[in-house]
Amino acid sequence: PKYFYFIDYHTSICMMVHTDYMTIKNLRPHFKIWIERDGQYAFGGGVAEILSAVHKTGSIRQASKLLGESYRYVWGRIRKAEEVLGIILVETTIGGQDEKRARLTKIALALLKPYIRFETKIRKEVNNHFDKIINTLNKYK
């Protein structure tokens, strides 16, 4: 079998690719980005998605339905993020007729929107860089 070794010196990534597979298309890198505090997960795509759903629906219960998760799971993820970050992300109101009884705090909004922009920018950069790697590999077919 014929193999090609590719080293990307910018990222120190080394890949061994069989030449028969170098023409495979539609490859995409997958990765996760998150913020930690003292080695503990604090905030990432999952919590950002939960907070976005709470912001959209105004309700933890409705957010959990929107996400296809249990209320307990969603509320637990919010509370764990709050604990690790040391800030309140969601304020809730008990009782009343209004269905919208949960809202993001100002600091949650201040964290959420820039985090989403940050993650989007990183994903775009990774995909662009990966495309360059694939284009380089395709020169050797």
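The values are calculated or read from the model by the stated rules, or taken from the named source; none is laboratory data. Predicted model only: the values in this text are computed from it and were never measured. Cβ: placed from backbone, ideal geometry, glycine included. Neighbour counts: every protein chain shown. Accessible surface is based on the protein model in full, side chains and every heavy atom, while ligands, DNA and RNA are left aside. Shrake-Rupley method; radii C 1.70, N 1.55, O 1.52, S 1.80 Å.
With the full set of protein chains in place, find how many percent of the accessible area of the stretch 99-141 is carbon and sulfur; take the probe as 1.4 Å.
55 percent
What order, most packed first, do the peptides 55-62, 117-124, 99-106 have when packing is the mean number of other Cβ atoms within 10 Å of each residue?
The packing order, highest mean first, is 55-62, 99-106, 117-124.
Using 18 Å as the Cα-Cα cut-off, could you pick out the over-long pairs in 56/100; 32/121; 56/106; 65/113; 65/124?
Going by Cα-Cα distance, 65/113; 65/124 fall outside the 18 Å limit.
Can you tell me how much longer the chain between residue 134 and residue 31 gets when fully stretched, taken as 0.36 nm per residue apart minus their C-alpha distance, in nm with one decimal?
35.3 nm
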